Amino acid sequence: MNPDQKHKSDSTGVGSTALIHHDYKAPLGFESPQTPVYKASSVIFPSVAQMQTRNWEDRSAYTYGLHGTPTTFTLESKLALLEGGEQCLLLPSGLSALAAVNAALLSSGDEVLVPDNAYGPLVSMLGGQFKKWGIQSDRYNPLDAQDLACKIKPNTRLVWLEAAGSVTMEFPDLLALLRVCQERGVTTALDNTWGAGLAFQPFELLSSMSSNSVGKGVDISVHALTKYPSGGADLLMGSVITRDHALAKRLSKYHEQFGLGVGANDVESVLKGLQSLVLRYDAQDHVARALARFLQAEPSVAQVLHPALRGSPGHEHWRAVTCSGLRPEGRAAGIFSVIFKPSNSVQAIYAFCERLKLFKLAYSWGGPMSLVMPYELGSMRKGSLNHLEQGHLVRFCIGLESLEDLQADLSRSLLGLSA
Ligand SMILES: Cc1ncc(COP(=O)(O)O)c(C=O)c1O
């Protein structure tokens with residue numbers, strides 16, 4: 001893996017330049033800006049000796065389409081570069097990437113801990129199929145490292161981290177949570193979909209406190225490429241990135257044995273999406289913060305949950321890992337939630353969502369179109385919701401429309417709500 005230091009744009013990670021000027025080599029005599037789409041199940045060997053000696057596991061040779069093509073190896077390499085890792089595996093969705101980590105690292109009798117605000121389907125997966133396989137799971141408060149410390153047991157093998165958390169957007173005390181896990185020798189896996197490899201460097205979070213390269217941050221970073229890297233809201237894919245070779249080997253064994261391939265055309269789309277990732281992430285961040293502030297001043301709004309807003313749960317933790325001298329404003333994904341005052345009925349909130357013209361009612365985020373979704377928190381959380389105001393939660397995901405148009409859409413629809 002070539003870290004391509006010369007194209008590092010700032011202290012928080014790689015910039016567009018490194019993702020576009022990657023060290024992919026075009027076939028002799030041909031050069032164009034895009035990586036070619038190689039499609040294959042069968043890969044032809046020139047000799048039996050080659051067939052017997054080629055090693056696809058270190059990405060140095062090709063044996064069968066499922067084990068990689070020049071196109072998938074290029075995407076893996078770019079994603080590892082983006083997140084500051086060494087090895088990358090591609091999976092058919094973000095959820096299957098989360099499942100791969102659980103399946104590769106956990107055995108019957110083990111326990112896994114997840115933050116209380118983790119992506120819901122991860123919690124369901126652990127309480128469903130993984131429970132049937134004899135693997136226990138529990139939830140911890142992501143804003144309280146002491147709570148995590150108390151919950152780690154001798155059989156705890158894996159701790160999931162998510163920053164910011166799903167839907168309620170609390171930003172965990174990543175540094176303290178990581179230290180707790182490292183002191184107890186528990187493997188950490190971060191769902192880094194929100195940070196996208198741009199808001200902070202997951203493998204370098206503790207770099208000022210650790211001298212060995214593997215102990216500087218999380219052990220595993222998972223990314224739903226479906227969101228920002230794709231950018232089109234038209235495909236599903238996930239990645240699992242590591243720095244530690246032994247961990248990577250365990251993950252790639254599972255990947256190989258379960259035949260988790262991805263389509264070449266989707267890989268091509270993500271490769272193209274990566275070229276504008278930084279520009280889109282920053283543009284959506286800018287508009288999201290402006291709209292979050294606009295909604296903070298609305299009489300019908302009780303609370304806006306966006307980690308970059310002062311007073312939002314975990315704001316100081318967000319500052320600690322994303323703001324630096326070079327980038328004092330930090331970085332955040334273009335997604336936030338709003339709690340509307342309980343003086344509004346649930347039906348009034350649903351009608352507000354339906355009145356919006358530019359914000360479409362749909363799941364997901366990171367695409368070109370702005371999205372809105374109401375959530376009922378009651379059944380989604382086990383721990384206390386005392387840090388949240390009472391009311392009805394609506395999540396907004398910002399697309400690539402203009403700030404003025406989105407604000408006008410919100411203003412028009414807010415007229416039906418009461419203070
Ligand atoms: C934080 C987070 N992680 C993982 C996923 C799963 O990604 P996918 O939809 O590709 O399965 C999602 C999807 O919404 C998500 O929000």
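Values quoted throughout were computed directly from the atomic coordinates according to the rules given, and no laboratory measurement underlies them. Being a predicted model, the structure only gives us computed values, none of them experimental. No Cβ is skipped: glycine too gets one built from the backbone with ideal geometry, and neighbour counts run over all protein chains shown.
The residues neighbouring S418, those whose beta-carbon lies less than 15 Å from its own, together hold a net charge of +1 under the Lys/Arg +1, Asp/Glu -1 convention.
Within the listed set Q201, Q390, Q52, the residue fluctuating most in the Gaussian network model of the chain (springs between alpha-carbon atoms under 10 angstrom) is Q52. Taking a ≥ b ≥ c as the square roots of the eigenvalues of the Cα gyration tensor, the range 6-141 is oblate, since a/c reaches 1.5 or more and a/b is not larger than b/c. All other residues whose Cβ lies under 14 angstrom from that of Q136 are scored, Lys and Arg at +1 and Asp and Glu at -1, for a net of +3. When the helices of the chain are scored as -39500 (n - 2.57) per DSSP H run of n ≥ 4 and the total is divided over every residue, the value at 222 nm lands at -9500 deg cm²/dmol.
Going by the alpha-carbon gyration tensor, a ≥ b ≥ c the square roots of its eigenvalues, is the chain rounded (a/c under 1.5) or, if a/c is not under 1.5, prolate (a/b greater than b/c) versus oblate? Taking the square roots of the gyration eigenvalues as a ≥ b ≥ c, the chain is prolate. Taking each residue as 0.36 nm, the span from K25 to R355 lengthens on full extension beyond its C-alpha to C-alpha distance by 113.8 nm.
How would you order 338-347, 303-312 from highest to lowest mean count of nearby Cβ atoms within 10 Å?
In decreasing order of mean packing, 338-347, 303-312 become 303-312, 338-347.
Inter-part distance, the range 235-256 to the range 110-147, computed on C-alpha centroids, equals 20 Å. Between C150 and R250, the modelled label-to-label distance comes to 2.8 nm, taking each label 7 Å out from Cα in the direction of the beta carbon. Between the beta carbons of K132 and L326, assuming R0 = 56 Å, the FRET efficiency works out to 0.70 to the nearest 0.05.
Within the shell of other residues whose beta carbon sits under 13 angstrom from the beta carbon of Y375, the net charge comes to +1, with Lys and Arg scored +1 and Asp and Glu -1.
Quick check on the chain: of the DSSP beta bridges with both residues there, what percent are antiparallel, nearest 5%? DSSP beta bridges in the chain are roughly 60 percent antiparallel. So between Q50 and Q34, what do we pick up on full extension, going 0.36 nm a residue minus the alpha carbon distance? Gain in length upon complete extension: 2.9 nm. Ordering 267-280, 124-137 by mean Cβ neighbour count within 10 Å, with the highest value first, yields 267-280, 124-137. Charge dipole of the range 225-327 (Cα centre as origin; +1 on each Lys and Arg Cβ, -1 on each Asp and Glu Cβ, all else neutral): 320 debye, rounded to the nearest 20. Compared with the dominant principal axis of the Cα atoms in the chain, helix 245-257 is inclined by about 90°. By the rule of a C-alpha distance below 26 Å, with chain neighbours fewer than 8 residues away ignored, the lysines paired with K249 are K39, K78, K131, K132, K153, K216. Can you give the FRET efficiency to the nearest 0.05 for L377 and D58, using r as the Cβ-Cβ distance and R₀ = 41 Å? E between L377 and D58, to the nearest 0.05, is 0.35. With the highest mean first, a sort of the peptides 315-321, 185-191, 31-37, 156-162 on other beta-carbon atoms found within 10 angstrom per residue produces 156-162, 185-191, 315-321, 31-37.
Between A308, W160, I335, the Cα set farthest toward the positive side of the dipole of the chain (charges on each charged residue's Cβ, about the Cα centre) is that of W160.
Would you mind working out the magnitude of the charge dipole of the chain relative to its Cα centre, with +1 at each Lys and Arg C-beta and -1 at each Asp and Glu C-beta, to the nearest 20 Debye?
For this selection, approximately 320 debye.
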